[in-house]
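Colleague: My questions will all concern the structure given below.
Read the figures in this text as sums done on the coordinates, not as results from a lab. Note that the structure is predicted; figures quoted are calculated from it, not measured. All Cβ positions, even for glycine, are placed from backbone atoms using ideal geometry, and neighbour counts span all protein chains on display.
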Amino acid sequence: MLGLGRVGHWMFDLIAISTIIAGVKKNTGYGFHLGLIQDTALRSFLDSYFQVGETVFGIISGYVVNSRYFKRQME
């Protein structure tokens, strides 16, 4: 049986992966082509999963933009 800590760790990891994918999509424009998935339940689940990542990415981006601890660096 999985402990609550282990489940929490897996949840954190899955959200982190989804957030990284959202960052890639935001910066490159490339995302998963969910239209290729024929199973509607799986496609709906993955759409929701990636939406969580986009929401978390938006929250983190908003914090960074409004924080005095981060500074925009132009190269």
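Colleague: Just add up the charged neighbours of V64: K/R +1, D/E -1, any other residue whose Cβ is under 14 Å from the Cβ of V64.
Modeller: My count for the surroundings of V64 gives +4.
Colleague: In the chain, with Lys and Arg counted as +1 and Asp and Glu as -1 at Cβ, which of these residues, A41, G58, M11, has the Cα nearest the positive end of the dipole, that is, farthest along it?
Modeller: With unit charges placed on the Cβ atoms, the residue in question is G58.
Colleague: Next question. Please work out which option in [x] -0.81; [y] -0.70; [z] -0.61 gives log10 I(q)/I(0) by the Debye sum over Cα atoms at q = 0.14 Å⁻¹ calculated from these coordinates, and answer with its label.
Modeller: [z]
Colleague: Same structure, new question: In whole Hz, with x marking every Gly and Pro, tabulate ³J(HN,Hα) for the stretch 25-37 from phi via Karplus 6.51 cos²θ - 1.76 cosθ + 1.60, θ = phi - 60°.
Modeller: 5, 5, 8, 10, x, 8, x, 5, 8, 5, x, 7, 8
Colleague: By per-residue mean of other Cβ atoms within 10 Å, what is the highest-first order of 27-39, 7-19?
Modeller: Most protected by this proxy first, the peptides run 7-19, 27-39.
Colleague: Beta carbons within 10 angstrom, averaged per residue: use that to sort the peptides 20-26, 41-47, highest first.
Modeller: The most tightly packed comes first, giving 20-26, 41-47.
Colleague: Continuing with the same structure: Per the helix-only calculation at 222 nm, which mean residue ellipticity applies to the chain, given -39500 (n - 2.57) for every DSSP H run of n ≥ 4 and division by its residues, nearest 500 deg cm²/dmol?
Modeller: Mean residue ellipticity, 222 nm, calculated: -24500 deg cm²/dmol.
Colleague: Quick one: dipole size for the chain, taken about the Cα centre, charges +1 on Lys/Arg Cβ and -1 on Asp/Glu Cβ, in debye to the nearest 20.
Modeller: So the dipole magnitude of the chain works out to roughly 320 debye.
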